[in-house]
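Novice: Here's a structure for you.
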Amino acid sequence: MRHLIVRAEKLTKFYGPQRGIEDLTFDVEPGEVFGLLGPASAGKTTTLRILLDLVRPTRGSVYLFNLDNRKNSLLVRRRIGYAPAEFPPVRRQTGRQLLHLLASFQPTANYSAAEELAACLNLNLDVPVHNLSVGGRQKLNLVQATIHQPELLVLDEPSRCLDAEARLAYSRWIHAIRAEGRSVVLATSSLAEIERLCDRVAILWAGRIVSLERVIQFKSRLLRRVEIRFAEQIPLEPFMAIPNLQDLTLERSTLRCTVKGDPDRLIKTAGQYRVSDLICKASNIDEVMRAYYEEGTYAA
Amino acid sequence: MRPSVFTLTFNSLLKPFLLWGLGLSAFLLLVTGLYPAIAAFPDLADWVQSSFHSLQAFLGNTGPVISPDGFVFNLGFSLVIPLACSLFAILYASQLVSTQDERVMMELLLSRPLPRWRLLMEKFAALVLDILLICASLWALLAWRSSVQSFGFNLGNQALLLLSLALLSLCWAGMALAIGILTRSRVRTIQASLGLLAISLLLYLAPGVSGGLEWLRSLSLLAYYLNGNLLSMGLNWGHAAVLVALSTVFVVTGLVIFQNRDL
């Protein structure tokens, strides 16, 4: 039997008449960073909670480490580290005390790894949790998830509220986890996070997977709004010949366009002239979803 | 102390526990302090006795008021203290699983290999300990006042009275816990539990308004606590067993729902 870390089959959850997720099927391999991408209320958190047996599916099944996650709930949870989207405002306890509490349920707790990550994230574990900033709490959230060196990390909006330095440390940490052969499932609405960290991505919209692909394929669909200011007047024709440019305009010496996927030809063509400035803005999740909709991938 | 869900919950309940404990102790101190002054003036004692006579029509026979144990029981333990303890139990049992902060914390804890039943039981045990400590502090206060002012209370009966009070409070706590698990909302839990407390009180008092309705009392939880003057008569073990059985039913029902519901 092929060893999979996660195997979700036709996972469906209805909250009364309201659809949480429907017919989600995906798997995660050892050493893979798997992303769940979608806007708010797409069903990302519900999916993660079902993986952890915090929410029970209406239909479908989840196997973690080839074990049914409901029948072997405790066994499976020993091997998972989870950072929820919200971190509790614990009173009268320092980060270290909270870590000790959470570690007391894990037979394989390893403080040195947690302390190492805390140091990388520049987190002081001796500060009372309720005195930590939102970013500080998010750092503690990530640290607590790794205290027992889990085989699978399940992270819900992990980089939210992190400062630039902490984001960098967090990215390095995820890469190190992958290098160790451990797996990560992360839910996010950040395209940049998916591009930077994930191997594969499932794009969720209104509780359904609209696309499940390798990140390299996903990148080819991404839109970037580009504005290039030239030091001189330039002709528009060479740019019109580039097939993956949309909304192309030239106003005085400023070229504006939307690049879908690879920007290589645009950069090379622009490089023939003297460029005085370049602004590139990545598309947001709504624009990605619109692109999928226009392609006909998305069916509500 | 070793960190656990129990200690975490106990710590979070520490402030309300101290406030309620101090408040109830102060009230009991006032009641026990008033008795010698009232007993010293026969006219005043007669007036107090006749005032309580009409109240006893509602509460049932709770014994003579002008005796140390009668005064303390009628003024303190017949209504005010049991209602206050029930309120404490409802307010804090309702927050064990149904506030937003608790839900977030439970999500973190239950992502660990921690069984749901153990999480719930440790939380409930912390509240039970708080209730027992409040009752124990009231017992200690009664024992102290009894020795200082020679009230002649029976220490064993005092302990049984406080045990009965603890069982009543546990019953309300169990009920609020089960309702909280079912509704997932602290506000709705408090509303429903206070509604049931009010109904229970009305059912207990109704026979005093209209004769022939004595059977209504058996539908009220208070009936299984109030049974004559417990301070002088001791505990009705049958009633205590009913309170224990009901508490168990509420907690087990909550547990079954909690095991099977979404977090």
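The values are calculated or read from the model by the stated rules, or taken from the named source; none is laboratory data. Here the structure is a predicted model, which means the values were calculated and not measured. No Cβ is skipped: glycine too gets one built from the backbone with ideal geometry, and neighbour counts run over all protein chains shown. Surface accessibility is based on the protein's heavy atoms, side chains included, excluding ligands, DNA and RNA. Shrake-Rupley method; radii C 1.70, N 1.55, O 1.52, S 1.80 Å.
Novice: How about region A:261-300: which of its residues are in a strand (DSSP E or B) and modelled with pLDDT of 85 or more? Lay out the reasoning, then the answer.
Specialist: Just the residues of region A:261-300 that are in a strand (DSSP E or B), to begin with: A:275-282.
Of everything in region A:261-300, those that are in a strand (DSSP E or B) and modelled with pLDDT of 85 or more turn out to be A:Val275, A:Ser276, A:Asp277, A:Leu278, A:Ile279, A:Cys280, A:Lys281.
Novice: Can you pull out the residues in region A:63-93 that are free of Cβ contacts under 8 Å to residues at least 24 places away in the same chain and over 25 Å from B:Val5 (Cα atoms)?
Specialist: Once the filter is applied, which keeps residues that are free of Cβ contacts under 8 Å to residues at least 24 places away in the same chain and over 25 Å from B:Val5 (Cα atoms), region A:63-93 yields A:Leu67, A:Asp68.
Novice: Then there's this: What do you reckon, is A:Thr25 open to solvent by 60 Å² or more (accessible area, probe 1.4 Å), farther than 19 Å from A:Gly181 by Cβ, among the β-branched types (Val, Ile, Thr) and more than 14 Å from chain B (Cβ to nearest Cβ)? Working first, answer last.
Specialist: Working: open to solvent by 60 Å² or more (accessible area, probe 1.4 Å): yes; farther than 19 Å from A:Gly181 by Cβ: yes; among the β-branched types (Val, Ile, Thr): yes; more than 14 Å from chain B (Cβ to nearest Cβ): yes.
Yes: the conditions hold for A:Thr25.
Novice: Let me ask something else about it. Given the condition of a type in the set (Gly, Ala, Ser), out of contact with any Cys (no Cβ under 6 Å at 6 or more places or on another chain) and open to solvent by less than 40 Å² (accessible area, probe 1.4 Å), answer yes or no: does some residue in region A:234-251 qualify? Talk me through it step by step, then tell me what you get.
Specialist: The initial filter retains those residues of region A:234-251 that are of a type in the set (Gly, Ala, Ser), namely A:241.
Filter once more, so that each one left must be out of contact with any Cys (no Cβ under 6 Å at 6 or more places or on another chain): A:241.
Imposing the further condition that a residue be open to solvent by less than 40 Å² (accessible area, probe 1.4 Å) reduces the set to none.
Checked region A:234-251: no residue is of a type in the set (Gly, Ala, Ser), out of contact with any Cys (no Cβ under 6 Å at 6 or more places or on another chain) and open to solvent by less than 40 Å² (accessible area, probe 1.4 Å).
Novice: Can you find, within region B:96-133, the residue that is farthest from the chain's Cα centre (by Cα) among those that are of a type in the set (S, T, N, Q) and either away from chain A (no Cβ under 13 Å) or in a loop (DSSP other than H, G, I, E, B) (or both)? I'd like the intermediate steps shown before the answer.
Specialist: Here is the first cut: in region B:96-133, the residues of a type in the set (S, T, N, Q) are B:98-100, B:111.
Next, from what is left, pick out any that are either away from chain A (no Cβ under 13 Å) or in a loop (DSSP other than H, G, I, E, B) (or both): B:98-99, B:111.
Details: B:Ser98: 21, B:Thr99: 22, B:Ser111: 34 Å.
Here the residue is B:Ser111.
Novice: Hey, another quick one. Which one of the conditions (1) touching a Phe, Trp or Tyr at 6+ places or on another chain (Cβ under 7 Å); (2) away from every other protein chain (no Cβ under 14 Å) does A:Leu140 fail to meet, given that it meets all the rest?
Specialist: (2)
Novice: Right, here's the next one. Confirm whether A:Gln138 is assigned to a helix (DSSP H, G or I) and touching a residue at least 12 places away in the same chain (Cβ under 8 Å). Spell out the reasoning first.
Specialist: Details: assigned to a helix (DSSP H, G or I): yes; touching a residue at least 12 places away in the same chain (Cβ under 8 Å): yes.
So A:Gln138 fits the description; yes.
Novice: Return the residue satisfying two criteria in turn: it lies in region A:60-116 and is among the acidic types (Asp, Glu) and assigned to a helix (DSSP H, G or I), and of such residues it is farthest from the other protein chains (Cβ to nearest Cβ).
Specialist: Going through region A:60-116, the residues among the acidic types (Asp, Glu) turn out to be A:68, A:86, A:115-116.
Of the ones still in play, those that are also assigned to a helix (DSSP H, G or I) are A:115-116.
On the way: A:Glu115: 17, A:Glu116: 21 Å.
The extreme case among them is A:Glu116.
Novice: Do we find a residue being more than 14 Å from chain A (Cβ to nearest Cβ), exposed (fewer than 14 other Cβ atoms within 10 Å of the Cβ), free of Cβ contacts under 8 Å to residues at least 24 places away in the same chain and in a helix (DSSP H, G or I) anywhere in region B:219-230? Write out each step before concluding.
Specialist: So the first thing to find is which residues in region B:219-230 are more than 14 Å from chain A (Cβ to nearest Cβ), and the list is B:219-230.
If we keep only those that are exposed (fewer than 14 other Cβ atoms within 10 Å of the Cβ) as well, we get B:219.
Those still in the list that are free of Cβ contacts under 8 Å to residues at least 24 places away in the same chain too: B:219.
Imposing the further condition that a residue be in a helix (DSSP H, G or I) reduces the set to none.
Checking region B:219-230: not a single residue is more than 14 Å from chain A (Cβ to nearest Cβ), exposed (fewer than 14 other Cβ atoms within 10 Å of the Cβ), free of Cβ contacts under 8 Å to residues at least 24 places away in the same chain and in a helix (DSSP H, G or I).
Novice: Where in region A:191-231 are there strands (runs of 3 or more DSSP E), lying wholly inside it, with at least 3 residues that are closer than 26 Å to A:Gly20 by Cα? First the steps, then the outcome.
Specialist: Details: elements: A:200-205, A:208-214, A:223-230.
Where strands (runs of 3 or more DSSP E) fall fully within region A:191-231 and carry at least 3 residues being closer than 26 Å to A:Gly20 by Cα, they are A:200-205, A:208-214.
Novice: Would you be able to say whether some residue in region B:66-76 is of a type in the set (Val, Ile, Thr), open to solvent by 10 Å² or more (accessible area, probe 1.4 Å), over 30 Å from B:Pro3 (Cβ atoms) and part of a loop (DSSP other than H, G, I, E, B)? Spell out the reasoning first.
Specialist: Step one: of region B:66-76, the residues of a type in the set (Val, Ile, Thr) are B:66, B:72.
If we keep only those that are open to solvent by 10 Å² or more (accessible area, probe 1.4 Å) too, we end up with B:66.
Going one step further and asking which of them are over 30 Å from B:Pro3 (Cβ atoms), we end up with B:66.
Checking which are part of a loop (DSSP other than H, G, I, E, B) leaves us with B:66.
Checking region B:66-76: at least one residue is of a type in the set (Val, Ile, Thr), open to solvent by 10 Å² or more (accessible area, probe 1.4 Å), over 30 Å from B:Pro3 (Cβ atoms) and part of a loop (DSSP other than H, G, I, E, B).
Novice: Continuing with the same structure: Considering only region A:187-197, I want to know if a residue exists there that is hydroxyl-bearing (Ser, Thr, Tyr) and surrounded by fewer than 16 Cβ atoms within 10 Å (Cβ to Cβ). First the steps, then the outcome.
Specialist: So in region A:187-197, the residues hydroxyl-bearing (Ser, Thr, Tyr) come out as A:188-190.
Keeping just the survivors that are surrounded by fewer than 16 Cβ atoms within 10 Å (Cβ to Cβ) gives none.
The answer is no, given that none of the residues of region A:187-197 is hydroxyl-bearing (Ser, Thr, Tyr) and surrounded by fewer than 16 Cβ atoms within 10 Å (Cβ to Cβ).
Novice: Being farther than 27 Å from A:Asp199 by Cβ, surrounded by fewer than 20 Cβ atoms within 10 Å (Cβ to Cβ) and not aliphatic (A, V, I, L, M) narrows it down to one of A:Asn124, A:Asn110, A:Asn72, so name that one. Talk me through it step by step, then tell me what you get.
Specialist: Values: A:Asn110 fails: farther than 27 Å from A:Asp199 by Cβ; A:Asn72 fails: farther than 27 Å from A:Asp199 by Cβ.
Selected residue: A:Asn124, the only one of A:Asn124, A:Asn110, A:Asn72 that is farther than 27 Å from A:Asp199 by Cβ, surrounded by fewer than 20 Cβ atoms within 10 Å (Cβ to Cβ) and not aliphatic (A, V, I, L, M).
Novice: Counting just the residues of region B:237-263 that are within 19 Å of B:Gln158 (Cα to Cα) and crowded, with 17+ Cβ neighbours inside 10 Å, which one comes out modelled with the highest pLDDT?
Specialist: Once the filter is applied, the top-ranked residue is B:Leu243.
Novice: Here's a follow-up. Considering only residues of region B:1-54 that are polar (S, T, N, Q) and within 16 Å of B:Leu142 (Cβ to Cβ), which is least open to solvent (accessible area, probe 1.4 Å)? Steps first, answer last, please.
Specialist: Just the residues of region B:1-54 that are polar (S, T, N, Q), to begin with: B:4, B:7, B:9, B:11-12, B:25, B:32, B:49-51, B:54.
Among the residues that remain, those that are also within 16 Å of B:Leu142 (Cβ to Cβ) are: B:25, B:32.
Numbers: B:Ser25: 26, B:Thr32: 1 Å².
Top of the filtered list is B:Thr32.
Novice: In region B:1-44, what count of residues is obtained for those that are more than 14 Å from chain A (Cβ to nearest Cβ) and among the hydroxyl-bearing types (Ser, Thr, Tyr)?
Specialist: Residues meeting the conditions: 3.
Novice: A further question follows. Kindly check whether there is at least one residue in region A:40-59 that is touching a helix residue (DSSP H, G or I) at 6+ places or on another chain (Cβ under 8 Å), open to solvent by 10 Å² or more (accessible area, probe 1.4 Å), more than 14 Å from chain B (Cβ to nearest Cβ) and not in a strand (DSSP E or B).
Specialist: For region A:40-59, residues touching a helix residue (DSSP H, G or I) at 6+ places or on another chain (Cβ under 8 Å), open to solvent by 10 Å² or more (accessible area, probe 1.4 Å), more than 14 Å from chain B (Cβ to nearest Cβ) and not in a strand (DSSP E or B): absent.
Novice: Inside region A:42-62, can you point out the residues that are free of Cβ contacts under 8 Å to residues at least 12 places away in the same chain and charged (D, E, K, R)?
Specialist: Here is the first cut: in region A:42-62, the residues free of Cβ contacts under 8 Å to residues at least 12 places away in the same chain are A:49, A:54.
Of everything in region A:42-62, just one residue is free of Cβ contacts under 8 Å to residues at least 12 places away in the same chain and charged (D, E, K, R), namely A:Arg49.
Novice: Working only within region B:1-41, note down all residues that are modelled with pLDDT of 90 or more and either on the phi > 0 side of the Ramachandran plot or among the basic types (Lys, Arg) (or both).
Specialist: Once the filter is applied, which keeps residues that are modelled with pLDDT of 90 or more and either on the phi > 0 side of the Ramachandran plot or among the basic types (Lys, Arg) (or both), region B:1-41 yields only B:Lys15.
Novice: Same structure, new question: Yes or no: region A:2-11 includes at least one residue that is more than 8 Å from chain B (Cβ to nearest Cβ) and without any contact (Cβ under 8 Å) to a residue 24 or more places away in the chain.
Specialist: yes
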